[in-house]
Amino acid sequence: VQLQASGGGLVQAGDSLRLSCAASGRTFSSYACGWFRQAPGKEREFVAVIRRSGNTYYANSVKGRFTISGDDAKNTVYLQMNSLKPEDTAIYYCAAGRVILTSYQASNAYAYWGQGTLVTVSS
């Protein structure tokens, strides 16, 4: 599976962005698909995941502002980010894998990774 993330950019606080993660190879319906982010000088952290069941889970820091969704026909997963804050500034990575429920927040649970897309939120 190859993943291609896109949609990042420079926005102001309060703005919205939608990230996309397009997959080639096996379809997303076979895997859980997640988004992680890494800010400068910080470790990569979990943002959101959508499981094969369609259930979604979010980090507390983005809950209520970000929405993850999938389009099986387009083999694409999206991350809609609203009410962006400067602390959301990071490189955002999409990932996929056969992730069990208790491991979805762990980056090493995901076998496939995209290249990352930079999101910069100015104050």
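Table for the structure above
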| quantity | calculated |
| --- | --- |
| Yes/no for GLY54 being more than 18 Å from GLN115 (Cβ to Cβ) and in a strand (DSSP E or B) | no |
| Complete set of residues in the range 62-76 that are of a type in the set (A, V, I, L, M) and modelled with pLDDT of 95 or more | VAL62, ILE68 |
| Any chance SER61 is surrounded by fewer than 22 Cβ atoms within 10 Å (Cβ to Cβ) and closer than 13 Å to GLU45 by Cα | yes |
| Pick from the range 34-51, criterion out of contact with any Cys (no Cβ under 9 Å at 6 or more places or on another chain) and in a loop (DSSP other than H, G, I, E, B), ranking: most open to solvent (accessible area, probe 1.4 Å) | GLU43 |
| GLY54 being at pLDDT 95 or above and on the phi > 0 side of the Ramachandran plot | no |
| Residue match in the range 62-81 (condition: assigned to a loop (DSSP other than H, G, I, E, B) and of a type in the set (Ser, Thr, Tyr)) | no |
| Given (1) part of a loop (DSSP other than H, G, I, E, B); (2) free of Cβ contacts under 8 Å to residues at least 12 places away in the same chain, number of the condition ARG26 does not satisfy | (2) |
| Residue in the range 67-84 that is open to solvent by 60 Å² or more (accessible area, probe 1.4 Å), over 15 Å from GLY8 (Cβ atoms), free of Cβ contacts under 8 Å to residues at least 40 places away in the same chain and in contact with a strand residue (DSSP E or B) (Cβ under 9 Å, 6 or more places away or on another chain) present | yes |
| From the options SER16, SER6, residue that is among the polar types (S, T, N, Q) and more than 15 Å from GLY116 (Cβ to Cβ) | SER16 |
| Every pair of residues 6+ apart whose Cβ atoms lie under 6 Å, when the first sits in the range 90-115 and is closer than 12 Å to TYR57 by Cβ and crowded, with 18+ Cβ neighbours inside 10 Å while the second is modelled with pLDDT of 95 or more and not aromatic (Phe, Trp, Tyr) | TYR104/VAL49 |
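The values are calculated or read from the model by the stated rules, or taken from the named source; none is laboratory data. All values reported here derive from a predicted model rather than from experimental measurement. As a convention, Cβ positions derive from the backbone with ideal geometry for all residues, glycine included, and neighbour counts pool all protein chains shown. Just the protein is used for accessible areas: all its heavy atoms, side chains included, with ligands, DNA and RNA removed. Shrake-Rupley method; radii C 1.70, N 1.55, O 1.52, S 1.80 Å.
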